[in-house]
Amino acid sequence: MNSTFAVQGSKAFQVLGHHARLGAFQLINEAGEEGLTPSQMMSSLHIHSADLSRHLRKMIAAGLVSVTKAGKNQIYRANKAFSFHIAKSLMDTVMTRSV
């Protein structure tokens, strides 16, 4: 694993260490390519819009999600390629070290 990726992966795991962000990420990931708006997430997560906005910004900064505008709405989608890459790298590291 290269050092740049190690830093990115570490940041992603740190961001997902908060229960609200992990819950939001799971919802966004399950929504697939359609993505979700903040209002769709708030009804499931039961958190205030300001808190959700802060959590979403951290997930964007970590590379876990992306956001696009669709009219007046912001649509959040999981960065599945990045998420898969960090999960695979973690599994490869664990399996290599434990064998």
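Descriptive notes on the structure:
- Members of segment 68-81 found to be surrounded by fewer than 18 Cβ atoms within 10 Å (Cβ to Cβ) and of a type outside the set (S, T, N, Q), listed by number: 69, 70, 71, 72, 77, 80, 81
- Only one of 26, 74, 40 that is under 12 Å from the mean Cα position of the chain (by Cα) and among the polar types (S, T, N, Q): 26
- Scanning segment 25-52 for residues that are free of Cβ contacts under 8 Å to residues at least 40 places away in the same chain, surrounded by 12 or more Cβ atoms within 10 Å (Cβ to Cβ) and not acidic (Asp, Glu) yields 26, 27, 37, 38, 40, 41, 42, 44, 45, 47, 52.
- Pair list, Cβ under 8 Å, 6 or more apart: segment 76-99 residue over 19 Å from residue 56 (Cβ atoms) and among the small types (Gly, Ala, Ser), other residue at pLDDT below 80 and assigned to a helix (DSSP H, G or I): 89/5; 89/9
The values are calculated or read from the model by the stated rules, or taken from the named source; none is laboratory data. Since the model is a prediction, treat every value here as computed from it, not as a measurement. All Cβ positions, even for glycine, are placed from backbone atoms using ideal geometry, and neighbour counts span all protein chains on display.
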